[in-house]
Amino acid sequence: TKLKLTSSPKHKIQRERLLSNVRISLSQKLILRRTTTISISGEETTTAMGKGRALSDGVIKKIILSYTYVAIWIFLSFTVIVYNKYILDKKMYNWPFPITLTMIHMGFCSSLAVILIKVFKVVEPVSMSRETYLRSVVPIGALYSLSLWLSNSAYIYLSVSFIQMLKALMPVAVYSIGVLLKKETFKSQTMTNMLSISFGVAIAAYGEAKFDGWGVFLQLGAVAFEATRLVLIQILLTSKGINLNPITSLYYVAPCCLVFLSVPWIFVEFPVLRDTSSFHFDFVIFGTNSVCAFALNLAVFLLVGKTSALTMNVAGVVKDWLLIAFSWSVIKDTVTPINLFGYGLAFLGVGYYNHCKLQALKAKDAQKKVQANDEEAGKLLEERETEAKRNETQD
């Protein structure tokens, strides 16, 4: 009876009607999504497409908060970079011990992270076995310690402005290492963009007035280790469902970095510090510097959590230009026209890269919405077909 019922012309007509009704229902829902009712202080304000858009107090507050998070992150990132330059540069504070400075940061940040997690319970620690820690976190900690060591060492030899120009190679390194480790798919268009960024940085390096080969080598090494660390985070942690925010990252990674950094410190910097009778630990300088470094990690947590990682990338471009201007106007570093032209080319390449990432995210979100609508339509169709079958059975 059911076979005859489902294959009957009458049922086919009903099925076509049901599909039509489902399409109409989905169209009405899309219209309703475009026309939203927002409650403001007990009053209802309807905003519809074609009638203008009225921003509610909640939306304005969200926009202001987003820009505030961006401003705080730029300020703290700016402060940490300039502060590290001030401490390490031989012409300023004259304390050229980058490993020791990085170890002070890691010791301070790991202690505060333990207090925030264990005592104040600001965030919950991630459940992680010892095997997972050794296989996933330890390699990331080793790469992070090398990245911090080399990047801080570069401040001794290079200007702040030129270091920011070299950091424009980060997307190139991340993409290239991602392709090598089969985390990214090779695309000729993306690789062409990466080559344009590299070409721009090469022009900026050619125009550098105080070029230092060893300093460039240190900074490029820091970029390579940091890019590898970012890719391994996706492979070793994210793929396993382990997501670490900046506080839990410091909780797990900072002690590991401290241990790794202690090895070169014993052979490279400890003998010099031991033989320097005039050395004294300045609690004000190193204390405030460590507080800024920890606050920067909290700012990353707020910025990424309240906005997105892409917002941080865009804000990073603004920060780089501000640092170049500050380095030229305040620190009196030499910035040549060739520097700016080369970095301008790299800046355009990075901007296009961020634009492509944004479009990819939008396409992914749109695909998710389409899938959700298809699932909703399927359920609605199934419900109506079941109801129609019941009605025919009763008839």
(request) Considering (1) assigned to a loop (DSSP other than H, G, I, E, B); (2) surrounded by fewer than 17 Cβ atoms within 10 Å (Cβ to Cβ), say which one residue 115 fails and leave the rest. (result) (1)
(request) Filter segment 317-339 for residues that are free of Cβ contacts under 8 Å to residues at least 40 places away in the same chain, part of a helix (DSSP H, G or I) and not polar (S, T, N, Q) and give the result. (result) 317, 321, 325
(message) For segment 62-89, give me each residue that is closer than 18 Å to residue 332 by Cβ, out of contact with any helix residue (DSSP H, G or I) (no Cβ under 8 Å at 6 or more places or on another chain) and open to solvent by 30 Å² or more (accessible area, probe 1.4 Å).
(response) 86
(message) As an exercise: evaluate residue 137 against (1) more than 21 Å from the chain's Cα centre (by Cα); (2) of a type in the set (Val, Ile, Thr); (3) outside any loop (DSSP other than H, G, I, E, B) and give the number of the one condition it does not meet.
(response) (1)
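How about segment 118-142: which of its residues are hydrophobic (A, V, I, L, M, F, W, C), modelled with pLDDT under 90 and open to solvent by 30 Å² or more (accessible area, probe 1.4 Å)?
Hits for segment 118-142 are 122, 126, 128.
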(message) Looking at 181, 158, 166, 146 in this structure, which one is out of contact with any Phe, Trp or Tyr (no Cβ under 7 Å at 6 or more places or on another chain) and over 25 Å from residue 330 (Cβ atoms)?
(response) 181
(request) Please name all residue pairs, on different chains or six or more residues apart, with Cβ atoms under 7 Å, provided the first residue is in segment 199-213 and is open to solvent by 30 Å² or more (accessible area, probe 1.4 Å) and the second residue is hydroxyl-bearing (Ser, Thr, Tyr) and in a loop (DSSP other than H, G, I, E, B). (result) 209/334; 209/336; 210/159; 210/334; 212/157
(message) Condition (residue is closer than 19 Å to residue 258 by Cα and either open to solvent by 30 Å² or more (accessible area, probe 1.4 Å) or β-branched (Val, Ile, Thr) (or both)) applied to segment 158-166: is it met by at least one residue?
(response) no
(message) Going through 242, 233, 247 one at a time, which residue ends up being under 21 Å from residue 290 (Cα atoms) and touching a residue at least 60 places away in the same chain (Cβ under 8 Å)?
(response) 247
(request) Considering only residues that are polar (S, T, N, Q) and surrounded by 14 or more Cβ atoms within 10 Å (Cβ to Cβ), look in segment 304-333 and name the one that is farthest from residue 63 (Cα to Cα). (result) 327
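The values are calculated or read from the model by the stated rules, or taken from the named source; none is laboratory data. Quick caveat, the model's predicted, so the values are computed rather than measured. Neighbour counts run over all protein chains shown; Cβ positions are idealised from the backbone, glycine included. Heads up: the accessible areas ignore ligands, DNA and RNA and are worked out on the full protein's heavy atoms, side chains in. Shrake-Rupley method; radii C 1.70, N 1.55, O 1.52, S 1.80 Å.
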